[in-house]
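Everything below concerns the one structure shown next.
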Amino acid sequence: MSRFRLPRPLAVEVVVWASACVGVGFLLARGLDMNLGTVRYTWQAFWHRLPSVLALGLALQLAAHLVRWRSPAGWARAVLAPGALVELARLWLALFVMTYTYSWLKVCVPLVHHGLYDAALWKLDRWLHLGVSPTLFLAELLAGGRALPWIDAWYSLWLTSVVATQAYFLFSPERRRRANFALACAALWLAAVWIYVAVPAVGPCFFVPEAFSAELRAAMPQASALQQKLWANYLQIVGGRSGSLAQFKPFFAVAAMPSVHVGAHWLFALWARRHARPLFPWFAAATGLTLLGSVATGWHYAVDGYAGMLLAWGAARVADRFEPVAASS
């Protein structure tokens, strides 16, 4: 008679569940009501998008095989095997737990830490660049030019690019490789959110709004519109410090240091260099464009991007240490 054995926990599962327990405990200890409603809210948003994300991952993997003139039959058998599907479901559940912890910690930062480090980051940015502020330099350089609408359009595609990349890599036929990728993502996002808690900052567009003229804002309509919505939500949360917080949008959080926007694209580049080499130049270029866009739009200080890239390197090392897998030949 065979004995039932529970599957070995993946490293990413250990990380995300431990982080969720610590994060919820931290917020409860600070007097915040982290009830089941917060789980339902996050799950509804996650589940609503999951079918389209899964379809996107399948479509991208199929397209990649066809572009390389390879039959997708072997890939389909590997990915759609029962054991592989169960593990895939576990990975997506882990990413949901990561999303829950990241989102609620990030949006609650103004409630648990009332100070801001923008002044220090602004000075550090100037010091690192020999007395020149990258924010002011790009505002002067790009004013009146044609690059701003393109930068604005690129930056607005960040979330789409991240979801597409995660969907594609998590449908890899090599199960250990996708477990490595999921752990790297979790390590990046969860480390970043605790830095948000420790070093809260709102970014140049909110700290020095006078640096962004009406002309600059008009040239970046998507960034400007989203910044207005995020700032209104941030002020609602700040207003809740003195009493009950009646209404706010949990996914509309403001945080600058480090830049996960830059860090995510650099993580994908580092991961692709080891496991999907043809994609490395594209993700490296995406990292440069996103760093430029993060400063030009005012979302981040340049140092936020550097910190995000360093964090991505650390996340990749963590994944290789605890979910080791050989690099692609």
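The values are calculated or read from the model by the stated rules, or taken from the named source; none is laboratory data. Just so we're clear, the structure is a prediction, and the values are computed from it rather than from any experiment. All Cβ positions, glycine included, derive from the backbone under ideal geometry; neighbour counts span all protein chains shown.
Could you list, in sequence order, the residues of region 60-93 that are surrounded by fewer than 11 Cβ atoms within 10 Å (Cβ to Cβ) and basic (Lys, Arg)?
68
Which numbered condition trips up residue 266, out of (1) surrounded by 17 or more Cβ atoms within 10 Å (Cβ to Cβ); (2) aromatic (Phe, Trp, Tyr); (3) in a loop (DSSP other than H, G, I, E, B)?
Evaluating residue 266 over (1) surrounded by 17 or more Cβ atoms within 10 Å (Cβ to Cβ); (2) aromatic (Phe, Trp, Tyr); (3) in a loop (DSSP other than H, G, I, E, B) leaves (3) as the failure.
Can you tell me how many residues within region 144-161 are under 13 Å from residue 220 (Cβ atoms) and among the polar types (S, T, N, Q)?
Residues that pass the stated criteria total 1.
Of the residues that make up region 125-137, is at least one more than 20 Å from residue 264 (Cα to Cα), in contact (Cβ under 8 Å) with a residue 24 or more places away in the chain, charged (D, E, K, R) and touching a helix residue (DSSP H, G or I) at 6+ places or on another chain (Cβ under 9 Å)?
Scanning region 125-137, I find at least one residue that is more than 20 Å from residue 264 (Cα to Cα), in contact (Cβ under 8 Å) with a residue 24 or more places away in the chain, charged (D, E, K, R) and touching a helix residue (DSSP H, G or I) at 6+ places or on another chain (Cβ under 9 Å), so the answer is yes.
Mind checking which residues of region 181-205 are of a type in the set (Phe, Trp, Tyr) and surrounded by fewer than 19 Cβ atoms within 10 Å (Cβ to Cβ)?
194
Can you spot a residue in region 165-188 that is in a helix (DSSP H, G or I), under 30 Å from residue 24 (Cβ atoms) and among the hydroxyl-bearing types (Ser, Thr, Tyr)?
Looking for residues that are in a helix (DSSP H, G or I), under 30 Å from residue 24 (Cβ atoms) and among the hydroxyl-bearing types (Ser, Thr, Tyr), one finds at least one in region 165-188, hence yes.
Quick one: residue 139 ticks every box in (1) buried (at least 18 other Cβ atoms within 10 Å of the Cβ); (2) small (Gly, Ala, Ser); (3) part of a loop (DSSP other than H, G, I, E, B) bar one, so which box is it?
Condition (3) is where residue 139 drops out.
I'd like the full set of residues that are of a type in the set (A, V, I, L, M, F, W, C), farther than 21 Å from residue 27 by Cβ and surrounded by fewer than 17 Cβ atoms within 10 Å (Cβ to Cβ), limited to region 94-123.
Within region 94-123, 119, 120 meet the criteria.
Of all residues in region 148-162, count the ones that are surrounded by 12 or more Cβ atoms within 10 Å (Cβ to Cβ), in a helix (DSSP H, G or I) and free of Cβ contacts under 8 Å to residues at least 12 places away in the same chain.
Number of matching residues: 1.
Take the conditions of a type outside the set (S, T, N, Q), more than 26 Å from residue 321 (Cα to Cα) and not in a helix (DSSP H, G or I) and apply them to residue 114. Does it pass?
Taking the combined requirement at face value, the residue satisfies it.
Can you tell me which condition residue 34 does not meet? The list is (1) under 18 Å from residue 190 (Cβ atoms); (2) without any contact (Cβ under 8 Å) to a residue 60 or more places away in the chain; (3) not in a helix (DSSP H, G or I), and all the others hold.
(2)
Filter region 94-116 down to the residues that are more than 26 Å from residue 279 (Cα to Cα) and among the β-branched types (Val, Ile, Thr), then identify the one that is modelled with the lowest pLDDT.
112
Give the number of residues within region 290-329 that are in a loop (DSSP other than H, G, I, E, B), within 16 Å of residue 206 (Cβ to Cβ) and not hydrophobic (A, V, I, L, M, F, W, C).
Going through region 290-329 one residue at a time, the tally reaches 4.
Only residues that are over 22 Å from residue 151 (Cβ atoms), buried (at least 19 other Cβ atoms within 10 Å of the Cβ) and of a type in the set (A, V, I, L, M): list them for region 228-263, please.
The answer is 237, 253.
From 260, 318, which residue is in contact with a Gly (Cβ under 7 Å, 6 or more places away or on another chain) and modelled with pLDDT of 90 or more?
260
Give, as residue ranges, the helices (runs of 4 or more DSSP H) completely inside region 203-242 that count at least 1 residues that are among the hydrophobic types (A, V, I, L, M, F, W, C) and under 25 Å from residue 108 (Cα atoms).
204-207, 221-239
Filter region 56-93 down to the residues that are under 26 Å from residue 277 (Cα atoms) and within 21 Å of the chain's Cα centre (by Cα) and list them by number.
56, 57, 60, 88, 91, 92
Might you let me know whether region 185-192 holds any residue that is aliphatic (A, V, I, L, M) and over 23 Å from the mean Cα position of the chain (by Cα)?
Within region 185-192, none of the residues are aliphatic (A, V, I, L, M) and over 23 Å from the mean Cα position of the chain (by Cα).
Quick check on my filter: what residues within region 124-136 are among the small types (Gly, Ala, Ser), crowded, with 16+ Cβ neighbours inside 10 Å and either more than 20 Å from residue 293 (Cβ to Cβ) or in contact with a Ser or Thr (Cβ under 8 Å, 6 or more places away or on another chain) (or both)?
Hits for region 124-136: nothing passes.
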